[in-house]
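Visitor: Dropping a structure here in structure tokens format, bear with me for questions.
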Amino acid sequence: MSHKLTRGILRSLGVAAVALPALVAGTSAHAGRVSGPAFYVDHQLYRTVATPTDLSGTGAPAQSWDTIYSFGAVQRSVATAAPGDPGFNGGRWQVHAVSLTGTYAAALAAGDHDGDGVLDAADEVQAAIDAGALVDGGVVKYFVCTVNPVPHGQG
């Protein structure tokens, strides 16, 4: 097997491993179940109801999706919008696989603006990407799911 092919296979496996936690929300095995705290939007925890959708290949324009940054097992995902936000797309998501370039502590140092020990807003994720502490591996899935705030004290 060629070195180039091996690297491509390993990269694909890495992206799949990083994206898996966020993608579980879109699998039919979990359809109709309310999740526990699943992702952050603007420092607030949200949960979802999983749906068995896969909207990959629809050709929908980029502005018809909001983004979920999936960190894999490193931390909960971070989404760019929630109901009530200007331009919210009704729960249509593109999942971006995000990976560390070094340590999680370095990513926090670069992006954790409010000092709460977690990247929990899109601007914090973007700051860590801009600083080179995170890499956005691009879109790995398109799907639909609801966005419901987690009641205070249940996160």
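Visitor: Hey, does the stretch 106-120 have a residue that's of a type outside the set (Phe, Trp, Tyr), touching a Gly at 6+ places or on another chain (Cβ under 8 Å) and under 15 Å from residue 39 (Cα atoms)?
Guide: Yes; the residues of the stretch 106-120 include at least one that is of a type outside the set (Phe, Trp, Tyr), touching a Gly at 6+ places or on another chain (Cβ under 8 Å) and under 15 Å from residue 39 (Cα atoms).
Visitor: Report those strands (runs of 3 or more DSSP E) wholly inside the stretch 36-90 carrying at least 2 residues which are out of contact with any Pro (no Cβ under 7 Å at 6 or more places or on another chain) and among the hydrophobic types (A, V, I, L, M, F, W, C).
Guide: 39-41, 77-79
Visitor: Out of the residues in the stretch 82-99 meeting the condition of being in contact (Cβ under 8 Å) with a residue 60 or more places away in the chain and not polar (S, T, N, Q), tell me which one is surrounded by the fewest Cβ atoms within 10 Å (Cβ to Cβ).
Guide: Here the residue is 83.
Visitor: Sticking with this one: Can you give me the number of residues within the stretch 100-123 that are without any contact (Cβ under 8 Å) to a residue 24 or more places away in the chain and part of a loop (DSSP other than H, G, I, E, B)?
Guide: Matching residues across the stretch 100-123 total 5.
Visitor: In addition: Considering only residues that are modelled with pLDDT of 95 or more and within 14 Å of residue 119 (Cα to Cα), look in the stretch 47-73 and name the one that is farthest from the chain's Cα centre (by Cα).
Guide: 71
Visitor: On to the next question. Among the residues of the stretch 100-122, write down those that are surrounded by fewer than 18 Cβ atoms within 10 Å (Cβ to Cβ), touching a helix residue (DSSP H, G or I) at 6+ places or on another chain (Cβ under 9 Å) and charged (D, E, K, R).
Guide: The answer is 114, and nothing else.
Visitor: Which of the residues that make up the stretch 114-130 are more than 13 Å from residue 75 (Cα to Cα) and touching a Phe, Trp or Tyr at 6+ places or on another chain (Cβ under 8 Å)?
Guide: 122 - this is the single residue of the stretch 114-130 that is more than 13 Å from residue 75 (Cα to Cα) and touching a Phe, Trp or Tyr at 6+ places or on another chain (Cβ under 8 Å).
Visitor: Taking the condition in a strand (DSSP E or B) and out of contact with any Phe, Trp or Tyr (no Cβ under 9 Å at 6 or more places or on another chain), does residue 138 pass?
Guide: Spelling it out, residue 138 is indeed in a strand (DSSP E or B) and out of contact with any Phe, Trp or Tyr (no Cβ under 9 Å at 6 or more places or on another chain).
The values are calculated or read from the model by the stated rules, or taken from the named source; none is laboratory data. These numbers were taken from a predicted model, which means no experiment stands behind them. Cβ: placed from backbone, ideal geometry, glycine included. Neighbour counts: every protein chain shown.
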